[in-house]
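Heads up, the thing below is written out as structure tokens.
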Amino acid sequence: MAKSGEGAAKARRHKRDSDNRQSSIDNPQSLRALVAGGAGFIGSHLCDHLLEHDFEVLSLDNLVTGSRRNIRHLLSRPGFRFQRGDVTRPLRVPGRVDVVFNLASPASPKDYLALPLETLAVGSTGTRNLLEFALRKKAVFVQASTSEVYGDPLLHPQTESYWGNVNPVGPRSVYDEAKRFSETLVMAYHRKHGLATRIARIFNTYGPRMKLDDGRIVPTLVDQALNGKPLTVFGNGRQTRSFCYVSDMVEGLYRLSSCTDPMPVNIGNPREFTVLRFARIVKKLTGSRSPLRFEPLPEDDPKRRRPDITRASRLLRWQPRVELEQGLKLTIDSFRSKSCTVRQGPLRPT
Ligand SMILES: NC(=O)c1ccc[n+]([C@@H]2O[C@H](COP(=O)([O-])OP(=O)(O)OC[C@H]3O[C@@H](n4cnc5c(N)ncnc54)[C@H](O)[C@@H]3O)[C@@H](O)[C@H]2O)c1
């Protein structure tokens, strides 16, 4: 892919800043990224972001929870390619790859509870296949981990040095423990093989392209509000969540790929809202008159979630920029068009 001007300079700077001394770059003008899970919500926005920074992008996805719709606008774009494939199977990707982003995994509770074995397989075999692949290609490896590794945290806000409070046999454990195991695998490849690895602990992210029926709090409440249905609030609604807009998230992941520190970095928005307050903001922004409907808390539902992003601010010079109301307005606008066609699913706050 030919590059010129500021974009190319940015990409070269990105490469220079990287500690990936293993990379063998035939053509220093061009960086090539593989995004596993690249047809999902965050993965597709990451593909957009990398293309804007003049990367060539290969999106690899088995579409188990993602969709071609998310990348349809990219299919004819030079420098972008989509390959349908399952990362738990041997990977065949010819040519050079400079950076591997591993976002492949069911991510919403509704999805991973319906796909427990697939979730464990992608977190174990899938991550290992991608690590082997990165080793062969001498690429930087970026793992999308999650705030769920902290479980129902006893420390607040959560710092990366906190080891978490996870129930290993609860229903959510298929996801939480798969992600914890992935982190362990990534560190083992770093320590044993010297692979240039990064771990992003992603906190609640929202924005356009989320599935309306995936059960996560933002699409569910917005969809209920737009359709005049009661807004579901679990427990007394005093449990807290923080919400990171997707453009902030992908900028954080992009910056992380060129940082040199292999230890986990929290990426999320530290502004904390009670679920009750969040539901009221959704009502206000959608103009909905729907009542709130209170339901019992699901099992192992975390009571508080808020990232400490000191490390991200220091290492990546990164801070979220998009305020909740601003990001929600963009999200609501994108949902308005698809809201009426969607099947309702149970809400499980994440
Ligand atoms: N969205 C969030 O708030 C959030 C929070 C914490 C962590 N994360 C992590 O970020 C990543 C992306 O999450 P998302 O919200 O975009 O979810 P998503 O479900 O929209 O995207 C995940 C993608 O991975 C693909 N996938 C799953 N298994 C695969 C396999 N075996 N082979 C190839 N592709 C496979 C899916 O088809 C989907 O396109 C996930 O790893 C998730 O754990 C997301």
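Key figures for this structure:
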quantity: Rounded, prolate or oblate (a/c below 1.5 giving rounded, otherwise prolate when a/b exceeds b/c) for the chain by Cα gyration tensor; calculated: prolate
quantity: Percent of beta bridges antiparallel (DSSP, the chain, rounded to nearest 5); calculated: 10
quantity: Cross-link pairs LYS137/LYS179; LYS110/LYS329; LYS138/LYS329; LYS211/LYS303; LYS138/LYS338 - those with Cα-Cα distance over 31 Å; calculated: LYS138/LYS329; LYS138/LYS338
quantity: Cα-only Debye scattering, segment 166-271: base-10 log of I(q)/I(0) at q = 0.14, 0.24 Å⁻¹; calculated: -0.76, -1.33
quantity: Charge sum, other residues only, whose C-beta stays under 15 Å from LEU120's C-beta, Lys/Arg counted +1 and Asp/Glu -1; calculated: -3
quantity: Amide hydrogen neighbours beyond the local backbone of ARG293, cut-off 5 Å, H modeled; calculated: LEU231, THR232, VAL233
quantity: For the chain, built as a Gaussian network whose Cα springs stay under 10 Å, the top-fluctuating residue of HIS190, HIS53, HIS156; calculated: HIS156
quantity: Highest-fluctuation residue, ARG89, ARG280, ARG255 considered, GNM on the chain with Cα pairs under 10 Å; calculated: ARG89
quantity: Lys, Arg +1 and Asp, Glu -1 on Cβ, resulting dipole of the chain about Cα centre, debye, nearest 20; calculated: 540
quantity: Most mobile of ASN70, ASN102, ASN227 in a GNM of the chain (Cα contacts under 10 Å); calculated: ASN227
quantity: Amide H within-cut-off set for LEU31, under 5 Å, with H built and near neighbours excluded; calculated: GLU56
quantity: Distance (nanometres) between label positions extended 7 Å along Cα→Cβ at LYS192 and ARG84; calculated: 3.4
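Coordinate-derived values only; no laboratory data. Please read these numbers as outputs of a predicted model, since none were measured by experiment. Quick reminder, even Gly has a Cβ in these numbers, built from the backbone with ideal geometry, and neighbours come from all protein chains shown.
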